Amino acid sequence: MRTLGLDLGSKTVGIAISDALGMLARPVKTIRFHEDDYDEAIKLVVDEINSSEVSEIVLGLPKHMNGDIGIRGKISVNFKDELMKLIEQPVILWDERLSTKSAERMLIKSNMRREKRKQVIDQAAAVTILQSYLDSK
């Protein structure tokens, strides 16, 4: 079974999925929702989970560089708790420090234009989070 990776923002959720062997992550899509409307985001993510046949979900947990969990991290923890009420699969919080920066560097190296990078940065960050998790196994 596959693993779904999520990069939660204030207006978007980047989604990535693993291959069947759980070795490689690839981008799927970016879900957009009204700013800070996490109830809407959860409904959209549940729809994606139900259509993807995944065995687990990895949700990025933003931490400060010193390891503290700030407001964005607390939002992710709450998102996980609410998501787990609606699905059967386990949701794993995964340290995502610098995932967006890493994803952006990768996109810049591939000579992607700024407009296109804005469209796919959340998916690329989800791939970075998920690949980090898969590599740890």
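Laboratory data are not the source of any read-out in this text; all were calculated from the coordinates shown. For clarity, every value in this text was computed on a predicted model and none was experimentally measured. FYI the Cβ positions are ideal-geometry reconstructions off the backbone, even for glycines, and counts take in every protein chain you see.
Observations on the model:
- Proximal charge balance of Phe33 [Cβ under 10 Å; K/R count +1, D/E count -1]: -2
- Label-zone membership for the stretch 12-36, site Asn78, 7 angstrom Cα→C-beta point, backbone N under 16 Å: 12, 34-36
- 3J(HN,Hα) along the stretch 71-79: 4, 4, x, 5, 5, 5, 4, 5, 4 Hz, from the Karplus curve 6.51 cos²θ - 1.76 cosθ + 1.60 with θ = phi - 60°, whole Hz, x for Gly and Pro.
- Taking label points 7 Å from Cα along the Cα-to-Cβ direction, Asp36 and Lys85 give a separation of 2.0 nm.
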